[in-house]
1. Just name the residue that is farthest from Ala90 (Cα to Cα) out of those in segment 117-130 that are open to solvent by 10 Å² or more (accessible area, probe 1.4 Å) and assigned to a strand (DSSP E or B).
2. Among the numbered criteria (1) in contact with a Ser or Thr (Cβ under 9 Å, 6 or more places away or on another chain); (2) modelled with pLDDT of 90 or more; (3) surrounded by fewer than 17 Cβ atoms within 10 Å (Cβ to Cβ), which single criterion is violated by Lys178?
3. Identify, from the list Leu44, Leu66, the residue that is surrounded by 13 or more Cβ atoms within 10 Å (Cβ to Cβ) and touching a residue at least 60 places away in the same chain (Cβ under 8 Å).
4. Among the residues of segment 186-215 satisfying the criterion of being assigned to a loop (DSSP other than H, G, I, E, B) and open to solvent by 20 Å² or more (accessible area, probe 1.4 Å), which is nearest to Leu45 (Cα to Cα)?
5. From the list Glu91, Glu49, which residue is open to solvent by less than 60 Å² (accessible area, probe 1.4 Å) and more than 26 Å from Gln184 (Cα to Cα)?
6. Can you tell me which residue among Arg108, Arg100, Arg71 is of a type in the set (Lys, Arg), out of contact with any Cys (no Cβ under 9 Å at 6 or more places or on another chain) and surrounded by 13 or more Cβ atoms within 10 Å (Cβ to Cβ)?
7. Mind checking which pairs have a first residue in segment 196-216 that is free of Cβ contacts under 8 Å to residues at least 40 places away in the same chain and a second that is not in a helix (DSSP H, G or I), Cβ under 9 Å, 6 or more apart or different chains?
Amino acid sequence: MEFSPDNPATWPTFRPLIIAHDVGRSRDRSTAVVGGNGPFEPRLLGIAELQELPQGLYGSARASALAAVDRRYHNNALIVADVSNDPTYAEVLYETFGRRVIGIHISRHGDGLQAERRPVKEGTTLVYTIGRSYLLELFHSELQANLVRVVNGPTSRRAYEQLVRLETEIRDSGMIYKCAAGQQDDLGISCAMLAWAARHPHLEAWVRNLEAARRPRRPRERFNWAAVT
């Protein structure tokens, strides 16, 4: 396939590669949205693949479905995962992907800049709290600035439709985005999660720690997660 800066599926690499994983509730599907910052300037954000995982998966089965996507990219991606509704899922993800996991807790408030170190077996994982509306506004800003490129396909068009169908309500605290009854927002939220991670001020620190994790280490050597908190 011939390279095109407007088609992330043709990009030779991402800096870094990120898989955003929204965890579906009863009606929504869990997702795996793949992309990251492009290897050229201006710094475009590319979304190369959007996948909805099978419904009815929980815990380790859901993490295994996500791992199947990760294997297609040589197990080399940052895993940015929604742990809002099931805090124990961070443990399952850490067992599957190790220190590549960055957790995100989507709530009513938060700017996504401060991390909590959540203990898991044999280590800790970072979890950032961000308001849902704040997250969507960040992605909207990137789209408005024409800094996002998305592969063309049925799931990308579905993500766009989900975002367009969000209902807005203005409150004293600001704009609120709501999913209409019977509608879903799983793919759209995942795109916003990927954009948040790709533009995050801690991104370089995440990558440095992952590179250190791949190198052989001396006994009792610890990873410098403190650099990102």
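The values are calculated or read from the model by the stated rules, or taken from the named source; none is laboratory data. Since the structure is predicted, the reported quantities are computational estimates derived from the model, not experimental observations. No Cβ is skipped: glycine too gets one built from the backbone with ideal geometry, and neighbour counts run over all protein chains shown. Accessible surface is based on the protein model in full, side chains and every heavy atom, while ligands, DNA and RNA are left aside. Shrake-Rupley method; radii C 1.70, N 1.55, O 1.52, S 1.80 Å.
1. Let us first name the residues in segment 117-130 that are open to solvent by 10 Å² or more (accessible area, probe 1.4 Å), namely 117-124, 129.
Filter again for assigned to a strand (DSSP E or B), leaving 117-120, 123-124, 129.
Numbers: Arg117: 11, Arg118: 8, Pro119: 9, Val120: 7, Gly123: 11, Thr124: 10, Thr129: 14 Å.
Filtering segment 117-130 for residues that are open to solvent by 10 Å² or more (accessible area, probe 1.4 Å) and assigned to a strand (DSSP E or B), the one farthest from Ala90 (Cα to Cα) comes out as Thr129.
2. (2)
3. Details: Leu66 fails: touching a residue at least 60 places away in the same chain (Cβ under 8 Å).
It is Leu44.
4. Restricting attention to segment 186-215, the residues satisfying the condition of being assigned to a loop (DSSP other than H, G, I, E, B) are 199-202, 215.
Narrowing further to those that are open to solvent by 20 Å² or more (accessible area, probe 1.4 Å): 199, 201-202, 215.
Details: Arg199: 9, Pro201: 15, His202: 17, Arg215: 28 Å.
Here the residue is Arg199.
5. On the way: Glu49 fails: more than 26 Å from Gln184 (Cα to Cα).
Going through Glu91, Glu49 in turn, just one is open to solvent by less than 60 Å² (accessible area, probe 1.4 Å) and more than 26 Å from Gln184 (Cα to Cα): Glu91.
6. On the way: Arg108 fails: surrounded by 13 or more Cβ atoms within 10 Å (Cβ to Cβ); Arg71 fails: surrounded by 13 or more Cβ atoms within 10 Å (Cβ to Cβ).
Arg100 is the lone residue from the list that is of a type in the set (Lys, Arg), out of contact with any Cys (no Cβ under 9 Å at 6 or more places or on another chain) and surrounded by 13 or more Cβ atoms within 10 Å (Cβ to Cβ).
7. Listed by first residue and then by second, the contacts come to Ala205/Asn224; Arg208/Asn224; Ala212/Glu221; Ala212/Phe223; Ala212/Asn224.
Let's see how each residue does on (1) over 16 Å from the mean Cα position of the chain (by Cα); (2) within 25 Å of Gly38 (Cβ to Cβ); (3) basic (Lys, Arg):
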site	(1), (2), (3)
Leu78	no, yes, no
Tyr94	no, no, no
Val101	no, yes, no
Arg108	yes, no, yes
Thr124	yes, no, no
Tyr128	no, yes, no
Val148	no, yes, no
